[in-house]
Amino acid sequence: MLVFWLAAAVGRAADRSDAQGRTRPRDEFAIGKDGRLILLPVKIGDRDVRCLLDTGASLSAVDTNLKEELGEVCATRLIKTPAGLKRVEVYNWPDAKLSGQSLKSERPIACLDLADTRRATNQEILGIIGMDVLGKCRLQIDFDRGVLRFLESLPSPTELGEKVPIDFSRDGTPFIEGVIGNERTERFLIDTGAQGNSFDADLFDELHSQGAIKLGKSSTSLTVAGRVQGDRGEISGFSVGPFLHHTLRFSRLNVNSLGIRYFSRFRVTFDFPRKAVYLHRGVHYTRAEPSATSGLTLNWIAGEAVVESVREQGPADAVGIRPGDLLVSVNDNATVVHDPFQLRQLLTSEGGRKVAMTVKRDGRVLGFELVLATD
């Protein structure tokens with residue numbers, strides 16, 4: 001299954017401007033529940049676009065489809081992604097609004113090709129809101145209710161939960177400390193633009209050599225610089241502040257990070273100006289990590305789920321599913337095929353579980369029953 005990762009950029013938003021022309025957003029927005037990526041409605045020129053809220057992004061960005069809204073290129077810049085450095089064009093900010101409020105940053109906005117992101121999520125994502133907007137903000141994300149609020153001031157301490165200090169990298173992205181096992185402390189990027197968690201390659205390899213990671217199947221991570229194939233595995237014992245989880249899954253990339261799958265266990269309140277995040281246990285605090293695999297990598301093209309690749313000797317390969325097959329239904333449910341988040345939950349739920357799949361191939365409709373492998 002695809003592990004979605006994005007490290008990119010977006011703009012600074014509006015309630016009132018600071019001395020450098022930056023503005024802060026306000027308002028409340030409905031978002032997907034339970035750990036779906038956070039998408040906000042932004043108007044750029046005359047177009048309504050959906051933008052990913054990404055604390056792992058230092059700069060703001062729009063898709064190449066919106067290039068006509070950007071004017072002349074100002075410069076090019078290197079941005080860091082889990083796949084390595086990528087050079088992108090940057091522009092002056094277009095006319096952009098969030099809930100009627102002007103989005104503006106003193107930093108330029110990047111222009112990226114987000115087509116792979118759309119294919120991986122089946123969402124029409126055309127922009128990214130990053131830390132150049134969010135760095136002056138207080139915001140609360142209630143994953144259980146599906147609500148994001150930009151806050152003028154913080155709620156009472158009893159509503160906030162446990163305070164965890166944040167420190168910022170030179171590019172403005174936020175980090176918190178996590179403890180691996182009983183004693184090893186490392187810095188982790190707070191990355192709401194990623195679904196999963198990661199260790200950088202050196203740390204992953206060191207922990208594996210010590211027997212601290214139980215390896216699973218390889219994973220594919222999507223970045224703005226391309227796809228990255230790599231290992232993933234489970235760590236026994238990981239804590240942030242007073243919160244201990246006995247089993248969490250991490251991919252091997254080039255950064256230590258915690259993504260939406262981790263933070264959606266909480267109601268999260270970010271106070272970036274005062275360098276703090278508050279964590280309050282949510283409904284899914286004890287949710288089990290993904291523990292199975294179908295051996296499929298899927299893309300959504302024109303709304304259809306297309307098998308991009310099939311892991312050799314994996315469950316899908318064993319029953320004869322092939323690259324290029326169109327997925328029609330899973331367990332006689334055609335709706336779930338159009339919801340990558342729900343489908344991935346189903347196909348990573350439990351090793352040994354039987355799953356019925358219907359596919360189209362060369363005009364024929366074929367049925368398969370595969371058994372999910374433990375991952």
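Could you check the range 263-281 and list, in sequence order, the residues that are of a type in the set (S, T, N, Q), closer than 17 Å to G135 by Cβ and out of contact with any helix residue (DSSP H, G or I) (no Cβ under 6 Å at 6 or more places or on another chain)? Talk me through it step by step, then tell me what you get.
Keep residues of the range 263-281 that are of a type in the set (S, T, N, Q), which gives 264, 269.
Subsequent filtering for residues that are closer than 17 Å to G135 by Cβ retains 269.
Listed by number, the list is empty, since nothing qualifies.
Would you call L103 touching a Lys or Arg at 6+ places or on another chain (Cβ under 8 Å), among the hydrophobic types (A, V, I, L, M, F, W, C) and free of Cβ contacts under 8 Å to residues at least 12 places away in the same chain? Against the criterion (touching a Lys or Arg at 6+ places or on another chain (Cβ under 8 Å), among the hydrophobic types (A, V, I, L, M, F, W, C) and free of Cβ contacts under 8 Å to residues at least 12 places away in the same chain), L103 does not qualify.
Being crowded, with 20+ Cβ neighbours inside 10 Å, β-branched (V, I, T) and farther than 28 Å from H338 by Cβ is a description that does not apply to V310.
A120: over 21 Å from G259 (Cβ atoms) and surrounded by 14 or more Cβ atoms within 10 Å (Cβ to Cβ), yes or no?
Against the criterion (over 21 Å from G259 (Cβ atoms) and surrounded by 14 or more Cβ atoms within 10 Å (Cβ to Cβ)), A120 does not qualify.
Cβ-Cβ distances below 9 Å connect the following pairs, each with a first residue in the range 313-330 that is within 12 Å of D362 (Cα to Cα), a second residue that is among the basic types (K, R) and at pLDDT 95 or above, and a separation of six or more residues or different chains: R322/R361; G324/R361; D325/K360; D325/R361; L326/K360; L326/R361.
Taking each residue of the range 225-238 that is within 21 Å of A57 (Cβ to Cβ) and not assigned by TED's automatic domain parsing to the domain that holds I79 and looking for partners that are assigned to a loop (DSSP other than H, G, I, E, B) and at pLDDT below 90 with beta-carbon atoms closer than 6 Å, six or more apart or interchain, yields A225/A83; G226/A83; V228/P82; V228/A83.
Just one of (1) over 16 Å from T81 (Cα atoms); (2) of a type in the set (S, T, Y); (3) assigned by TED's automatic domain parsing to the domain that holds F238 fails for T173. It is (1).
The set of residues from the range 315-345 being buried (at least 19 other Cβ atoms within 10 Å of the Cβ) and small (G, A, S) comprises just one member, A316. Do we have any residue at all in the range 69-92 that's surrounded by fewer than 21 Cβ atoms within 10 Å (Cβ to Cβ) and assigned to a helix (DSSP H, G or I)? Yes.
Somewhere in the range 169-190, is a residue surrounded by fewer than 18 Cβ atoms within 10 Å (Cβ to Cβ), in a strand (DSSP E or B) and without any contact (Cβ under 8 Å) to a residue 12 or more places away in the chain? Within the range 169-190, one or more residues are surrounded by fewer than 18 Cβ atoms within 10 Å (Cβ to Cβ), in a strand (DSSP E or B) and without any contact (Cβ under 8 Å) to a residue 12 or more places away in the chain.
From the list R232, R252, R227, which one is within 26 Å of V88 (Cα to Cα), at pLDDT below 95, buried (at least 19 other Cβ atoms within 10 Å of the Cβ) and among the charged types (D, E, K, R)? Unique residue meeting the criteria: R252.
To keep it simple, each residue is scored yes or no on (1) in the same structural domain as D191 (by TED's automatic domain parsing); (2) modelled with pLDDT of 95 or more; (3) farther than 16 Å from E124 by Cβ.
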| position | (1), (2), (3) |
| --- | --- |
| S17 | no, no, yes |
| R24 | no, no, yes |
| I31 | no, yes, no |
| I38 | no, yes, no |
| R47 | no, no, no |
| A57 | no, no, yes |
| V62 | no, yes, no |
| A83 | no, no, yes |
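Of everything in the range 270-296 that is β-branched (V, I, T) and over 18 Å from D54 (Cβ atoms), the residue that is surrounded by the fewest Cβ atoms within 10 Å (Cβ to Cβ) is T286. When the range 152-170 is filtered for residues that are under 26 Å from K104 (Cα atoms) and either modelled with pLDDT of 95 or more or among the small types (G, A, S) (or both), the ones remaining, listed by number, are S153, I166, D167, F168, S169.
Looking only at the range 255-273, how many residues end up being hydroxyl-bearing (S, T, Y), under 15 Å from the mean Cα position of the chain (by Cα) and either at pLDDT below 95 or part of a strand (DSSP E or B) (or both)? Total meeting the criteria: 1.
K136 passes every criterion in (1) in contact with a strand residue (DSSP E or B) (Cβ under 8 Å, 6 or more places away or on another chain); (2) within 21 Å of V268 (Cβ to Cβ); (3) outside any helix (DSSP H, G or I); (4) of a type outside the set (A, V, I, L, M) apart from (1).
The values are calculated or read from the model by the stated rules, or taken from the named source; none is laboratory data. None of these values were measured; they are calculated from a predicted model. Backbone-built Cβ (ideal geometry, glycine too); neighbour counts: all protein chains shown.
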